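In what follows, a structure is listed as structure tokens, so that the remarks can point back to it.
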Ligand SMILES: CC(C)(COP(=O)(O)OP(=O)(O)OC[C@H]1O[C@@H](n2cnc3c(N)ncnc32)[C@H](O)[C@@H]1OP(=O)(O)O)[C@@H](O)C(=O)NCCC(=O)NCCS
């Protein structure tokens, strides 16, 4: 039976860089505080003409071009995001039109920072069944920041990662999507999120007058604790269920939340830090884009080789958390668009 396979990978990091020093000029923070607490040195932000759809198109097109597949061949376009183009229609519909994916059905999924892995798990059966999917995780989180909340504003960045996916028996080798698990705990919805503007807290003149309607709220220490525990637990569980030991894992590819979380997960899982990928220093937390962007960067750096096993873990608003195994049958073609040089 065919298995769901990543045929190619695209990544896009917008060209504008916001360094910690730039942030310290507009809020009471410092490069030293941000680096020691989070490992983040800089983050990317979209230009004035960039929206969630245009940024998604960059990554999606990069994945298609890398494999030489036409957008017209796609059956589905998925965009995973918590910062959509509009409330409605779905961002994926804008992307479908801009790419020219004329035969495709398009839909968004919102799952916080674990949403991209949850989406992969949900739609892998579609790829197995022979459908061609473009799965894009995108965030413009700098648009959702309360710049007067220094504890949150320094953590996030913008970007997009895309996987072109299909069945393993269609002539394109790549990265097989293996065993995965995801969980949610909806009793924790108040701890991390963007609460205003929906039906629970509709937009009213009073709320508008308070400002910051559209911004992320977070209880940082609670998020930290849960993120480390949940990602470590679910990662170990996926390994157990797949009858794999840590020695068989070449890379852990964690959600790029922040370096202290990544280090704590590596410690709890018991894997050496040189087998845990991190580029959080340069891109910060890009939410739903984080895993796709990480893989695009790893491929560009030639860190992925045939025969490798990758274990991905993610955690985010909801709370939701997920872990996913990937098996590298062949190194898939990729394109990572990232103008500007890392600091
Ligand atoms: C946000 C986070 C880095 C804060 O680190 P922390 O050690 O918990 O810091 P605290 O919230 O206890 O704050 C400690 C002090 O630093 C201050 N502080 C917070 N943000 C600051 C900043 N950017 N610059 C300088 N000082 C800051 C606080 O005001 C507080 O000052 P006080 O002691 O005078 O009250 C940490 O909680 C964290 O990593 N949480 C997880 C966040 C995350 O990754 N979320 C997304 C998951 S998907």
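Structure summary
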read-out: Most mobile of 199, 286, 229 in a GNM of the chain (Cα contacts under 10 Å); value: 199
read-out: Mean Cβ count within 10 Å, highest first, over the residues of peptides 306-312, 24-30; value: 306-312, 24-30
read-out: Cubic angstrom per residue, convex hull over Cα atoms of the chain; value: 128 Å³
read-out: Rg(Cα) / (2.2 N^0.38 Å) computed for the stretch 64-181, rounded to two decimals; value: 1.15
read-out: Ranked by how many other beta carbons lie within 10 Å on average, peptides 313-323, 166-176 from highest; value: 313-323, 166-176
read-out: Stokes-Einstein translational diffusion, the stretch 184-273 - Kirkwood Rh over all Cα pairs, 0.890 mPa s, 25 °C, in µm²/s; value: 156 µm²/s
read-out: For the stretch 275-299 versus the stretch 79-119, the gap between their alpha-carbon centres in whole angstrom; value: 20 Å
read-out: DSSP-defined beta bridges in the chain - what % are antiparallel, rounded to 5; value: 65 percent
read-out: Mean Cβ count within 10 Å, highest first, over the residues of peptides 55-63, 259-267; value: 55-63, 259-267
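Throughout, read-outs are computed from the coordinates displayed, never taken from laboratory work. None of the values given here were measured: they were computed from a predicted structure. Glycine gets a Cβ as well: all are built from the backbone with ideal geometry, and neighbour counts include every protein chain shown.
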